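Just so it is clear, none of the values below were taken in a lab; they were calculated from the coordinates. Because the structure is predicted, anything quoted here is derived from the model rather than measured. No Cβ is skipped: glycine too gets one built from the backbone with ideal geometry, and neighbour counts run over all protein chains shown.
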Amino acid sequence: MSDPSELLELIDKRAESNEISLDHLIVQRLSREPLLACVTAASAVFLREVISAVLNDNKQAALDEIFRLSEDEIPEEHAESYLLLAQNLCAACEYADGWVMFKKNYILYLLDKERVDEALVVISDLEEVLPDDDELKLLLEQAGVSEPINVAVVGLNQYSEELQRRIVRAPEKYRYKLVCFCDEKEEYVGQYLNGTMILDIKQLAKLYRRGEVDKVIVAFSGFSTSKTSNTFRRLERAGITDRVFTVPPWYLDGAYDYVQYSIQQFEPEKELSLDSALIRADMSRAVLGFIMPLSNMHCNYSCKSCVTASPLAEPGFMSLASYRRDIERLKELYWHICRFRISGGETLLHPDIAEMVKITRDAFPSTGLALQTNGLLLLKNDGRFDGLFNVMRENRCGFQISTYKPVFYGAMSLTRF
Ligand code: SF4
């Protein structure tokens with residue numbers, strides 16, 4: 001345990017002057033102690049004596065102080081830090097009954113704040129140690145969890161497995177039940193994948209007709225349009241035309257955490273649940289895996305093997321009117337485009353590139369949208385792209401950076417955006 005005086009001095013200073021500028025230092029210092037990392041700077045003042053005991057390596061005294069504080073009402077603004085710290089201390093002191101009590105109180109707190117998904121995750125943790133606990137069942141009812149929706153996942157690939165992982169994890173495990181996978185390859189049919197049976201389309205159609213499958217979700221990467229279209233066509237031929245869905249690529253790949261973070265910057269109350277991610281298929285139109293429209297042909301770099309021959313291209317930009325017209329036509333043809341990459345030439349040379357991002361997002365709310373760039377102009381970081389960055393954040397658009405030399409060497413510095 002490191003010297004506790006520095007943190008306690010900071011907390012005392014914060015208590016005397018209410019100086020919010022100290023918060024960063026306090027949080028930094030709290031995060032170094034695993035038991036205290038859950039405490040906010042503002043609550044550190046309220047929990048000073050508990051923190052002091054923890055810093056002096058006296059966990060039992062810290063837990064006694066937690067119970068002493070509970071004799072009075074815990075102020076609303078400190079309740080979360082208090083309940084989390086209480087759980088940590090009960091675990092550290094191996095006081096199981098206290099740990100369960102504070103966990104349940106924390107679930108009630110989250111439900112009261114309408115943070116249902118978080119509450120369901122804590123309920124799931126607790127269910128593992130108390131599988132038949134009646135109070136937990138009541139808390140689940142309070143969370144509004146009713147009968148789960150039965151789903152079938154079509155296509156056996158890394159995306160369907162990821163979907164399965166999300167469905168069996170809280171909070172989704174209370175809302176969805178994975179009934180089966182479906183794949184056409186004979187060698188798979190009748191087998192199990194991570195405990196879930198694999199059916200062929202005819203068998204799936206039977207379950208669907210009998211109402212034993214509520215939603216059919218097609219998991220695909222978007223890199224093979226023909227494979228994807230064939231899957232939807234086969235479903236249609238088998239009479240599975242309604243209640244067919246897919247999910248955007250970011251829901252099933254490494255971008256999930258980033259998208260969750262960026263969406264919550266703008267819409268903190270928005271939940272990134274499977275429900276909100278599902279895209280309903282429109283069988284009367286096609287689905288497109290991947291498209292890469294070119295905003296302009298010329299570039300500020302000249303790679304020897306440029307696939308668009310940009311080093312030879314005359315400067316010139318696609319007009320917004322043309323872009324809008326093309327996007328409208330795409331919308332008529334396709335109910336969903338899995339991945340949409342606006343490319344060039346160098347896209348950042350286009351004066352209306354931000355508007356192109358907005359137009360695309362308006363037309364395809366669920367597409368995986370990215371702007372291709374060689375990144376050279378970003379390295380200057382002179383503020384000229386601040387407006388574009390905001391538009392990209394608001395419209396969930398990422399950069400796809402082709403890290404050619406010399407961008408490759410500056411790639412690390414680009415992460416600050
Ligand atoms: S950066 Fe890209 S578009 Fe520009 S010349 Fe190189 S390959 Fe072509």
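Annotations
- Distance between modelled label sites at E76 and R32, nm, 7 Å Cα→Cβ extension: 3.5 nm
- With contributions of -39500 (n - 2.57) from each DSSP H run of at least four residues, the per-residue ellipticity at 222 nm computed over the chain stands at -14000 deg cm²/dmol.
- Charge dipole (segment 286-414, unit charges on Cβ, about Cα centre) - positive-most of C397, N381, L312: C397
- Between N56, N374, N395, the GNM of the chain built on Cα springs shorter than 10 angstrom shows N56 fluctuating the most.
- The eigenvalues of the Cα gyration tensor, multiplied by 5 and square-rooted, give segment 328-370 an equivalent ellipsoid with semi-axes of 20, 11, 9 Å from largest to smallest.
- Taking the fewest neighbouring Cβ atoms within 10 Å as the starting point, the ordered list for M297, M392, M197 is M197, M297, M392.
- Neighbour-count order for T367, T241, T231, fewest beta carbons within 10 angstrom listed first: T241, T231, T367
- Order of C90, C338, C182 under a 10 Å beta carbon neighbour criterion, fewest first: C90, C338, C182
- Per-selection metrics, the chain (Cα): Rg and Dmax in Å: 26.6, 77
- Segment 5-142: translational diffusion in µm²/s, Stokes-Einstein, Kirkwood Rh over Cα pairs, 37 °C, 0.692 mPa s: 209 µm²/s
- FRET efficiency for D23 and Q158, using Cβ-Cβ distance with R0 set to 60 Å, rounded to 0.05: 0.90
- Note on K177 and L379: the extension gain reaches 68.0 nm, defined as 0.36 nm multiplied by sequence separation minus the Cα-Cα distance.
- Near A61, once Lys and Arg are set to +1 and Asp and Glu to -1 for all other residues with Cβ below 14 Å from its Cβ, the sum equals -1.
- Estimated distance in nm for a label pair at R243 and C93, the labels positioned 7 Å out from Cα along Cα-to-Cβ: 5.2 nm
- For the chain, the dipole from Cβ point charges (+1 on Lys and Arg, -1 on Asp and Glu) about the Cα centre works out to 2920 debye, to the nearest 20.
- Using alpha carbons only: equivalent-ellipsoid semi-axes of segment 93-152, gyration tensor based, whole Å: 22, 14, 10
- Cut-off 15 Å between beta-carbons: net charge of the residues surrounding E346, Lys and Arg +1, Asp and Glu -1: +1
- Three principal axis extents of segment 1-48 based on alpha-carbon atoms, in descending order, are 27, 19, 17 Å.
- Most mobile of K331, K206, K113 in a GNM of the chain (Cα contacts under 10 Å): K113
- Net length gained if the chain between R234 and E114 were fully extended (0.36 nm per residue, minus Cα distance): 39.1 nm
- For segment 286-414, taking Cα atoms only, Rg and Dmax work out to 14.5, 43 Å respectively.
- The modelled label-to-label distance for the pair R285/A321, using points 7 Å beyond Cα in the direction of Cβ, is 2.4 nm.
- Relative contact order of the chain, pairs being alpha-carbon contacts under 8 Å that are 6 or more residues apart, as %: 8 percent
- Positive contributions from Lys and Arg (+1) and negative ones from Asp and Glu (-1), summed over other residues with Cβ under 13 Å from the Cβ of V45, come out at -4.
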